[in-house]
Amino acid sequence: MMKSLKISLLVIGVLVVGALLTLRVTGLSPGHPSAEEYAKSGRSARPGLWLAGEVVQEAVTNWDWVNQFGDPFGPNATELETRTWYGIPHSVTVLLVPRGDELYLQSSAQTFRLNKQFPYSKAWWRNVERDPRVRLKIDGKIYEMTVALVQDRDEVARLRGERDSIVKEAGTDGNEIVTEEWHYWRVFQRNVPEYGTGSAVAASASTTSAVQ
């Protein structure tokens, strides 16, 4: 009995490892639900694992072209691969905000996610705050990046068109309640000759950002 159990566990282990190795090569993109499906699922979508594609080695000096991939529910939505503590990537679809030679990543917490403090509302938030090295997939190509949280509220307001990062509305009792909480990360290329590793630039940006 014990021998059969050990053999079964070994077979399962081999199959799992084999599947992960296959996905490491082929990639597994996150789910791309429609806006309606996303709303019905409580603003959640199936996460992916590794992102596959050609890795871009050239420095990008203007990111405005990314605007054409700004539909988070479209087939060409931009995707983000983050690093987990257990070694298997966690990838999601994301919204990017290009500003010429600068690129930002934006995300918000709404509904039940507001019950937790940043960065615990979303798994990928926790991942990038622990390890800022990420990979972006844009138009089928992979960009190796480093992210730095924008901690200056004035900077966030500018990126949001002079709107506050904390959105409030009047509740049924007449008191204001928070309905949205927005966060932005500055995104830097890394592993590009012109930029070096990119980590030094991100570290500098993180240090110089004003604390909330």
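The values are calculated or read from the model by the stated rules, or taken from the named source; none is laboratory data. If you're wondering where the values come from, they're calculated on a predicted model, not measured in any experiment. Note that we place each Cβ from the backbone using ideal geometry, even for glycine, and neighbour counts take in every protein chain shown.
Assorted remarks:
- Pairs where the first residue, in the range 65-78, is closer than 21 Å to residue 36 by Cβ and the second is of a type in the set (Phe, Trp, Tyr) and at pLDDT 90 or above, C-beta under 7 Å, 6+ apart: none
- Residue that is within 30 Å of residue 88 (Cα to Cα) and surrounded by 15 or more Cβ atoms within 10 Å (Cβ to Cβ), where the choices are 150, 156: 150
- Test: residue in the range 56-68 that is crowded, with 17+ Cβ neighbours inside 10 Å and among the small types (Gly, Ala, Ser): no
- Listed here are the strands (runs of 3 or more DSSP E) enclosed by the range 103-189 that have at least 3 residues being of a type outside the set (Val, Ile, Thr), touching an Asp or Glu at 6+ places or on another chain (Cβ under 8 Å) and free of Cβ contacts under 8 Å to residues at least 60 places away in the same chain: 166-170.
- Considering only residues in the range 32-50 that are in contact (Cβ under 8 Å) with a residue 40 or more places away in the chain and out of contact with any Leu (no Cβ under 8 Å at 6 or more places or on another chain), the one that is nearest to residue 109 (Cα to Cα) turns out to be 43.
- Among residues of the range 112-155 being modelled with pLDDT under 95 and of a type in the set (S, T, N, Q), the one that is farthest from residue 29 (Cα to Cα) is 151.
- Unique match (being in contact with a Lys or Arg (Cβ under 8 Å, 6 or more places away or on another chain) and modelled with pLDDT under 75) among 43, 83: 43
- Of the residues making up the range 66-102, those that are among the hydrophobic types (A, V, I, L, M, F, W, C), part of a strand (DSSP E or B) and within 21 Å of residue 29 (Cβ to Cβ) number 4.
Yes/no per residue for (1) hydrophobic (A, V, I, L, M, F, W, C); (2) more than 12 Å from residue 187 (Cβ to Cβ):
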| site | (1), (2) |
| --- | --- |
| 49 | yes, yes |
| 53 | no, yes |
| 80 | yes, no |
| 88 | yes, yes |
| 101 | no, no |
| 117 | no, yes |
| 129 | no, yes |
